[in-house]
Amino acid sequence: MSDSLGLESRVKADIVLSKLDTILGRKILFSLRDKDYLIIFKQDSCYREYVLKVDSVCNILAIKEIDSDVEIKKIKAKRFLSKRNRKLLKRLLEDKQTIMDAFDTSLYHTGFITSLPDDATLAEGAPSYFVMKDEKNKRYGEYRLPSITAPCPINTNVWSYVIRKLLYNIYAPPPDS
């Protein structure tokens, strides 16, 4: 990884965030190849999540809002929960807790990591970029590394959530019409 690629990812992420600048508060951004983005906004105790696909100059090609709270309510409203729905509800509630914890700035380093640490045991996959920004746009946990890097530069629960959520929403089949 080079510092210039890291700075390019940072600039592109900031451009993408600027297109959603009407949403205030803390934010988490995770991207793969600077083309697919998961952005999570925290406003008071509410969380809004978006998956975006952008072109090479950061024009938004597609945007999708993810509302896990609606999914949770739908499942809880059912009279009988199948084993599958109980597992799904459990995972959704765990994910919600992970996101709540993810906005704790004390979990993150404050430098910008653009090269593999000396103790790296694994570095595979597409280039990824991560940052958590507070209300004053101070950056936390910022890195640009291969998407699978061990040891992980951020909390593994947060990393697992953002990569799983982004990949699922990139490759998920369209909802039934």
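Observations
- Summary: within the chain, the longest segment free of trypsin sites (Lys or Arg not before Pro) located in DSSP loops with at most 15 other C-beta atoms within 10 Å is 80-135.
- Cross-link reach is defined here as a Cα-Cα straight distance under 16 Å, omitting same-chain residues fewer than 8 places apart; for K53 the aspartates and glutamates meeting it are D14, D34, D36, E65.
- Residue with peak Gaussian network fluctuation, the chain [Cα springs, cutoff 10 Å], from S82, S128, S68: S82
- The angle separating the long axis of helix 156-171 from the principal Cα axis of greatest extent in the chain is about 70 degrees.
- Most mobile listed residue (C152, C58, C46) in the chain, GNM with C-alpha springs under 10 Å: C46
- Here the label points at R79 and I63, each 7 Å from Cα along the C-beta direction, are separated by 4.1 nm in the simple model.
- Among A102, A120, A13, the largest mean-square fluctuation in a Gaussian network model of the chain (Cα springs under 10 Å) belongs to A120.
- Taking the empirical scaling 2.2 N^0.38 Å for compact globular proteins as reference, region 3-171 has a Cα radius of gyration ratio of 1.05.
Every read-out reported here was derived from the displayed coordinates using simple, explicitly stated rules and does not represent laboratory data. Only a predicted model underlies this, so the values are computations on that prediction, with no experimental measurement involved. Every residue, glycine as well, gets a Cβ built from its backbone with ideal geometry; the counts of neighbours run over all protein chains shown.
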